[in-house]
Amino acid sequence: MIDELAAQSVSRRRRWWLPVITLCGGLALAGGLAAATDLDTYLLSVPPFSTLTDGAMRPMSGLPYVSVGETDRGEQCALYLDLEGLTDDEFTAVSDYWATADSEAFATSIGSRLGVVPTTDDKEWKAIQDQIIHDLDEVVPGIVWGTAPPNQPFSHGEPHLGAISRVCTDDLDALEYRG
């Protein structure tokens with residue numbers, strides 16, 4: 001019986017094409033998955049977990065900030081900016097500034113804008129918006145608050161702060177899997 005099995009294994013041709021088919025199938029699957037992943041899908045997977053409007057840009061880093069609004073409990077947050085109408089050089093300057101900005105000085109400025117804390121969330125957001133515009137005006141003179149009409153992005157040289165997103169540690173903790 002052993003001689004019979006050995007004879008069958010010797011006479012069986014080697015299937016050289018099986019690893020080639022497996023490799024080609026794996027590459028096709030990887031290519032299909034890569035093609036299905038677009039910029040919006042990627043942006044939804046990283047803080048601040050939101051997409052960008054047409055023509056908008058976002059620095060990769062968020063500015064650390066401890067919120068002082070009436071519904072906040074002092075958790076650590078990060079502020080992210082959506083910018084429109086900036087040239088590449090202006091965007092680079094804002095990104096560099098935002099990545100190295102002094103978060104304590106920023107929080108102190110917000111506190112002085114608000115006066116007495118705690119305050120309402122609306123007043124805090126207005127103070128944050130005003131302070132960011134004030135700080136960014138030193139980097140990109142003439143930057144203002146506002147978004148472009150749909151499908152009509154601002155042209156280069158019309159710098160705008162289009163949105164501010166806040167992501168807090170509680171928000172990130174909720175995303176963690178606890179199994």
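The values are calculated or read from the model by the stated rules, or taken from the named source; none is laboratory data. Just so it is clear, the structure is predicted and the values come from calculations on it, not from any experiment. Heads up, the Cβs are rebuilt from the backbone with ideal geometry, glycines too, and the neighbour counts pull from every protein chain shown. Just the protein is used for accessible areas: all its heavy atoms, side chains included, with ligands, DNA and RNA removed. Shrake-Rupley method; radii C 1.70, N 1.55, O 1.52, S 1.80 Å.
Quick look at the values:
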read-out	value
Answer residue from the stretch 109-129, given it is in contact with a helix residue (DSSP H, G or I) (Cβ under 7 Å, 6 or more places away or on another chain) and open to solvent by less than 50 Å² (accessible area, probe 1.4 Å) and is modelled with the lowest pLDDT among those	114
Residue among 64, 47 that is at pLDDT 85 or above, surrounded by 10 or more Cβ atoms within 10 Å (Cβ to Cβ) and in contact with a helix residue (DSSP H, G or I) (Cβ under 9 Å, 6 or more places away or on another chain)	64
The listed residue being under 21 Å from the mean Cα position of the chain (by Cα), modelled with pLDDT under 90 and of a type in the set (Val, Ile, Thr), out of 94, 167	167
Residues located in the stretch 130-153, provided they are open to solvent by 40 Å² or more (accessible area, probe 1.4 Å) and within 17 Å of residue 94 (Cα to Cα)	130, 134, 137, 138, 139, 141, 142, 144, 145
Contacts under 6 angstrom Cβ, first residue in the stretch 75-102 being open to solvent by 30 Å² or more (accessible area, probe 1.4 Å), partner in a helix (DSSP H, G or I) and at pLDDT 90 or above, 6 or more apart	93/139; 97/139
Complete set of residues in the stretch 124-133 that are touching a residue at least 12 places away in the same chain (Cβ under 8 Å) and either more than 21 Å from the chain's Cα centre (by Cα) or under 21 Å from residue 156 (Cβ atoms) (or both)	124, 127, 130, 131, 132, 133
